[in-house]
Amino acid sequence: MWQEEVRKNVRYNFAVNIIDAAFYGIGALGLASFVTIIPLFLNELNAPTALIGLIGSFHAIGWQLPQLFTASRVTRMRRYKPFVMWATLHERWPFIGLAIISFMLPTLGNQVAMPLTVLMVIIFSLGGGFAGTAWQSMIGKIMPKDRIGTFYGTQSGMANLFGAGSAIAAGFILERLGFPNGYTICFVIGAVALFISMGFLGSTREPEHELEVVPEKANLGWNKMLAILREDRNFRWFLLARMVSQFGIVALSFYTIYAVKHFGLAEQTAGVLTGVLLLSKTVAGPLLGWVGDRWGHRSVLVAGAVIMSAAAGLALVAPGIGWFYIIFALSGFADATLWTVTISFTQNFGTISEKPLYIGLANTLTGPITLLAPAIGGLLADGIGFGSTFTMSVMAGLAAAYLLQYVVRDPNSMAQTSGQPVVAVGD
């Protein structure tokens with residue numbers, strides 16, 4: 001049975017995929033970060049501020065939206081890795097493109113380099129999104145259920161840790177070499193790190209699994225996805241809780257500018273606060289994943305939603321800049337739940353053939369809210385004041401906690417209560 005081969009390779013697969021995350025963090029989160037380095041590069045190209053602000057949204061939407069459209073195809077796979085490797089190639093080569101754009105900038109000029117840079121970001125984001133459903137299905141297959149939270153948490157922690165370190169290195173490179181040579185070096189080294197990451201991902205040992213049935217398009221395609229939404233009431237409540245939580249975490253996007261406007265936050269202090277946030281996420285990822293594996297991921301999601309509200313509530317009443325160290329630390333823990341624990345809990349829905357459909361639905365249907373929530377938060381901040389944005393986050397966090405605690409149920413517990421066997425991929 002393929003499950004026996006999975007059990008024999010758990011430690012190996014855990015190790016190579018964590019190393020994959022570390023090198024991915026060096027490239028995509030540090031040296032060629034879509035949060036800092038690429039926006040700074042676009043700023044040097046005199047890109048409009050609105051366009052620069054969309055870069056982070058491009059990444060989030062590119063990751064979430066395509067997953068539903070690959071779900072039906074993924075259900076027909078006996079091995080997920082070949083598709084993951086094909087799709088993730090398009091998540092890597094755009095960084096070579098960025099290096100070429102930067103190197104050729106004197107010839108290309110800003111007006112040509114700007115749209116080409118945005119195009120590379122879009123391809124990179126969509127590459128991750130098209131790989132996403134198959135990759136999550138592969139991880140759910142090769143990791144036992146009592147370790148999957150620990151895996152996602154450790155993976156996230158390593159990516160953030162190495163990303164933070166390489167971001168510091170990127171700062172020194174840009175300071176020494178300037179524009180555009182510094183960016184060329186950052187993009188080149190970042191691309192190398194991402195292809196090393198891909199090598200470790202490709203060394204994952206994934207056996208073929210048996211298909212539960214020979215799926216027909218009518219059974220495991222769009223009709224089945226509509227049936228899941230229509231018939232699985234618990235999953236619908238989970239989707240609602242995920243969407244509400246996006247409004248809960250939105251305050252994080254406004255803490256820095258609020259502190260600048262109200263407390264005169266200095267750039268150096270802003271950098272320290274960013275470090276606090278990354279360190280908090282680095283610690284929170286493995287810790288929350290481990291706790292979720294032992295006491296249930298739903299309980300950790302509830303705690304994360306409460307922490308979201310606590311951070312936004314503190315921002316509402318903070319009398320000075322010193323309180324923002326606590327606010328950013330709490331936000332790191334809350335933000336970690338949105339990746340580590342949410343992705344782990346989603347793995348509990350469905351059988352091995354249905355799991356890609358649940359993953360695709362959970363990510364794609366949340367995508368528009370991921371884009372809408374910050375826009376609403378910004379409109380409230382501009383029209384009424386930051387207090388209204390933070391209040392929205394407090395209320396949304398508490399609402400998400402209520403839904404997760406009193407309405408959403410753990411699918412594993414439901415199966416055990418009903419006497420039905422729990423289908424555990426990787427068990």
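Taken together, 247, 328 contain a single residue that is buried (at least 20 other Cβ atoms within 10 Å of the Cβ), touching a residue at least 60 places away in the same chain (Cβ under 8 Å), assigned by TED's automatic domain parsing to the domain that holds residue 412 and over 21 Å from residue 402 (Cα atoms), which is 328. Tallying residues that are touching a His at 6+ places or on another chain (Cβ under 8 Å) and among the aliphatic types (A, V, I, L, M) within region 308-345 yields 1.
Listed by first and then second residue, the pairs with beta-carbon distance under 6 Å, at least 6 apart or on different chains, first residue in region 226-240 and in the same structural domain as residue 366 (by TED's automatic domain parsing) and closer than 15 Å to residue 354 by Cβ, second modelled with pLDDT of 90 or more and buried (at least 16 other Cβ atoms within 10 Å of the Cβ), are 238/408. A count restricted to region 322-347 and to residues that are at pLDDT 85 or above and not in a helix (DSSP H, G or I) stands at 1. Might you let me know whether region 227-243 holds any residue that is surrounded by 14 or more Cβ atoms within 10 Å (Cβ to Cβ), under 21 Å from the mean Cα position of the chain (by Cα), small (Gly, Ala, Ser) and modelled with pLDDT of 90 or more? Yes: one or more hits.
The values are calculated or read from the model by the stated rules, or taken from the named source; none is laboratory data. Predicted model, so just to flag it, every value in this text is computed and none were measured. Please note: Cβ atoms are built from the backbone with ideal geometry, for glycine as well, and neighbour counts cover all protein chains shown.
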